[in-house]
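The values are calculated or read from the model by the stated rules, or taken from the named source; none is laboratory data. Bear in mind that the values here come from a model prediction, so they are computed numbers and not experimental data. With ideal geometry, Cβ positions are generated from the backbone for all residues, glycine too; neighbour counts draw on all protein chains shown. Ligands, DNA and RNA are stripped out before the accessible areas are found, and what is left, the full protein with its side chains, is counted by its heavy atoms. Shrake-Rupley method; radii C 1.70, N 1.55, O 1.52, S 1.80 Å.
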Amino acid sequence: MNALVSFKVAIDALKMHALRSFLAMLGVIIGVASVIVMVSVASGAGEAIEARIRALGTNVLVIMPGSFTSGGRRAGEGTALALSEGDLAAIRAKVPSITGAAGMVSGSAPIVLGNSNWTTAVTGVNEDFLEVRDWALAEGRPFTESELRSGAKVVILGATTQRELFGSAPALGEEVRIKNVPFTVVGTLTTKGQSGFGTDQDDTALVPLSTARRRLFGTEQTVPDNLRSIMVEVASADAMGDAQEEIETLLRERRHVRAGTPDDFQVRNMAEFIRARSETQSILSVLLGATAAISLVVGGIGIMNIMLVSVTERTKEIGLRMAVGARRRDILNQFLIEAVTLCVTGGLIGLLIGGGAALAMSIWGDWPIALKPGLVAIALLSAGLVGVFFGYYPARRASLLNPIDALRYE
């Protein structure tokens, strides 16, 4: 009996007990469907988070003031002495692995255009900001050297800020007011989307650093050339650790941090966010794999139970097949094919249900999903292996029946 005939006989046998066959497949259907939904949703969310983190730049270090300590008490983050342009110049001069360093002063401010009013994050930047952030202009031009040096009243708008103020109207050359100071729009930024922290990166406006200090946010009395943060781009991912260590050593010296005391600044490694996300994703994948294994094992036990019942019910049929020339191998293949057919069919149904549920979540729940061909192949292969593993014992039991005893069975 060839494989095609065995497959046809197996299908006919399953059709005779369609409801029982469906109930046997139910465990596999639920297992595969749940795996498809969980893995596609988890993978989609992971890719979305990673894309947002990568939007900040993977080879980027962010330096910020830390906590102020007095009398054994520590104030909140950012209360320590501000960073300065001297710190920025020292980092550029003494850390050879960096390719750009952007100093920033930021705050929230209302921007007014006619009757439109929009409060956004306004950031004073230097000439390296767009390069370090890998942020291209959609229209217009960057700030010129003279504008950065003189504190010119010019602004570059983020995509969200531009949309809220101008709608579909052109923004270049128009005048807006930031804290009642008139600014000319010289450029607009391309869309960045949400950051890894969930904020809208496009809800922003960039002005020259000197302009931000003089006209918008003022200067600190203790640090006239203050910077709220410094963003440093490192030449390669391999140099991130060394660059971070060099910057921390340099700032400890400049800020007179004594040995053994906590730093009054922070150096955040954007690559660490991606590494932490990858570790979390790996743990989640293990948990999902365990859930999938349990679901498929439960489904496989159901398949084996049904196949054992089928062997008992069809004992006389098995004896008759052997009497007319069927070999033990043919009987083994027939029942094994039935078990694999049940599992693979259940896997296909589960795949359709799981894929449909994931797609529905994506459309109606606005949730990112990532349904990859590899996942589909693994799900179907796993279902087939479950059929072989749990179907082998009933199939072997059927093949070992004595033909005479089987014919006498009632």
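Residue-by-condition table, conditions (1) surrounded by fewer than 17 Cβ atoms within 10 Å (Cβ to Cβ); (2) at pLDDT 80 or above:
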| residue | (1), (2) |
| --- | --- |
| Val324 | yes, no |
| Gly346 | no, yes |
| Ala358 | no, yes |
| Ser362 | no, no |
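Could you please find all residues in region 160-176 being assigned to a strand (DSSP E or B) and surrounded by fewer than 15 Cβ atoms within 10 Å (Cβ to Cβ)? Give the derivation first.
Within region 160-176, the first condition is being assigned to a strand (DSSP E or B), and the residues that meet it are 175-176.
Selection gives Glu175 alone.
Taking the residues in region 130-144 that are among the aliphatic types (A, V, I, L, M) and in a helix (DSSP H, G or I) as candidates, determine which candidate is surrounded by the fewest Cβ atoms within 10 Å (Cβ to Cβ). First the steps, then the outcome.
First, pick out the residues of region 130-144 that are among the aliphatic types (A, V, I, L, M): 130, 132, 136-138.
When the remaining residues are screened for being in a helix (DSSP H, G or I), the result is 130, 132.
On the way: Leu130: 19, Val132: 24.
Filtering region 130-144 for residues that are among the aliphatic types (A, V, I, L, M) and in a helix (DSSP H, G or I), the one surrounded by the fewest Cβ atoms within 10 Å (Cβ to Cβ) comes out as Leu130.
Table: residues versus (1) in a loop (DSSP other than H, G, I, E, B); (2) in contact with a helix residue (DSSP H, G or I) (Cβ under 9 Å, 6 or more places away or on another chain); (3) modelled with pLDDT under 85.
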position	(1), (2), (3)
Gly198	yes, yes, yes
Ala212	no, no, no
Leu216	no, no, no
Thr222	yes, no, yes
Glu233	no, yes, no
Ala243	no, no, no
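Take region 107-129 and flag every residue that is small (Gly, Ala, Ser), open to solvent by 10 Å² or more (accessible area, probe 1.4 Å) and more than 28 Å from the chain's Cα centre (by Cα).
The first filter runs over region 107-129 and keeps only residues small (Gly, Ala, Ser), leaving 107-109, 114, 116, 121, 124.
Then keep just the ones that are open to solvent by 10 Å² or more (accessible area, probe 1.4 Å); that gives 107-108, 114, 116, 121.
The answer is Gly107, Ser108, Gly114, Ser116.
Determine whether Val112 is in a strand (DSSP E or B), touching a Gly at 6+ places or on another chain (Cβ under 7 Å) and more than 14 Å from Asp202 (Cβ to Cβ). Walk me through how you get there before you give the answer.
Numbers: in a strand (DSSP E or B): yes; touching a Gly at 6+ places or on another chain (Cβ under 7 Å): no; more than 14 Å from Asp202 (Cβ to Cβ): yes.
Considered against the rule, which asks whether it is in a strand (DSSP E or B), touching a Gly at 6+ places or on another chain (Cβ under 7 Å) and more than 14 Å from Asp202 (Cβ to Cβ), Val112 comes out as no.
Return the residue satisfying two criteria in turn: it lies in region 326-344 and is part of a helix (DSSP H, G or I) and basic (Lys, Arg), and of such residues it is least open to solvent (accessible area, probe 1.4 Å). It would help to see each step written out before you state the result.
Of region 326-344, the ones part of a helix (DSSP H, G or I) are 328-344.
This time we only want the ones that are basic (Lys, Arg), so: 328-329.
Numbers: Arg328: 114, Arg329: 138 Å².
Checked region 326-344; the qualifying residue least open to solvent (accessible area, probe 1.4 Å) is Arg328.
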